[in-house]
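To keep things clear, I will list the structure first and then write my remarks on it.
Bear in mind these aren't lab numbers, they're just calculated from the coordinates by the rules spelled out. Bear in mind that the values here come from a model prediction, so they are computed numbers and not experimental data. We place every Cβ from the backbone using ideal geometry, glycine too, and count neighbours over all the protein chains shown.
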Amino acid sequence: MAGAERKAVLSLRGIEKRFGLRKSIDGLDLDICPGEFISLFGRNGAGKTTLLKLLSGLLGASRGKIEARAGILDRSRIGYISHQVMLYPELTGYENLVLFAELHNLPDPWGTAHRMISRINLESDAGRFVRDYSRGMMQRLSLGRALINDPELLLLDEPYTGLDRQGEKFLSDLLRGAHREGKTVIMATHDLEQGYELADRLVVLYRGRIFLDTSVQDLNFSEFTSLYDGVSVK
């Protein structure tokens, strides 16, 4: 398996997640190594969102176990972006980040929020109510929320949804920066090109199981898309 030469920070063994009679995750094994950027692919219903929720602690497995390096699954060490931005629309962008900094018991929440506002390039709109933000602005603020506690593990579920090309570039630059800082990043995406360019490891799910798990060094983009197109039409 990709990255096996390094000690995993997370090891999933025989993970199964059922919703009634339906298996969303079906006997999944996966090792996640420190500092990896994993792009997670698969058509709708493949199990991507469920897997991220299991890793975030929002869901518990029906069967199997997740072994983790001490503390890595502590909520204070995880940043999570889901389909919902998880922001408070009646607060300003700045107030949202101050609130999340306070919830993480960070020292100097106002200063921390100010630095994050600068990092996500929302200085001119920080005083506006989030209800008036565009989708791209909300996505930037959501990423700021996820990074406010300087997490070790960053989980992202379709973060490019609704972004224009400028927003996509800005998000990609932020994610590259987080990866350079040594954060472990797992991103579910339908954008094959963005996912391939950002990642050092590619994982494709099919019906709750791993269909492909490989380093980007082992497949060029054309080879990867051909393999992905094959599983997508099954």
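Numbers at a glance
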quantity: Nonlocal Lys pairs with alpha-carbon distance under 30 Å, the chain (8 or more apart, or different chains); calculated: 26
quantity: Dimensions in Å of the range 164-220 - Rg and Dmax from alpha carbons; calculated: 12.3, 34
quantity: Mean Cα-pair separation over length for the chain, i.e. relative contact order, pairs under 8 Å, 6 or more apart, %; calculated: 28 percent
quantity: Relative contact order (%) - criterion: Cα under 8 Å, at least six apart; region: the range 84-150; calculated: 47 percent
quantity: Amide H contacts under 5 Å for VAL9, placed H, 5+ residues apart; calculated: ILE32, CYS33
quantity: Estimated vicinal HN-Hα couplings, Hz - the range 189-200 in sequence order (Karplus 6.51, -1.76, 1.60; Gly, Pro = x); calculated: 7, 9, 7, 4, 5, 4, x, 5, 5, 7, 7, 10
quantity: Antiparallel bridge percentage (DSSP; both residues within the chain; nearest 5); calculated: 55 percent
quantity: In Hz, Karplus ³J(HN,Hα) per residue of the range 77-87 (6.51, -1.76, 1.60; θ = phi - 60°; x = Gly, Pro); calculated: 10, 10, x, 9, 10, 10, 4, 8, 6, 6, 10
quantity: Quarter of Cα convex hull surface for the range 84-150, i.e. mean projection, nm²; calculated: 3.8 nm²
quantity: Estimated 222 nm signal from helices in the chain, with DSSP H stretches of n ≥ 4 weighted -39500 (n - 2.57), rounded to 500; calculated: -10500 deg cm²/dmol
quantity: Fewest-first ranking of PHE100, PHE211, PHE221, using other Cβ atoms within 10 Å as the exposure measure; calculated: PHE221, PHE211, PHE100
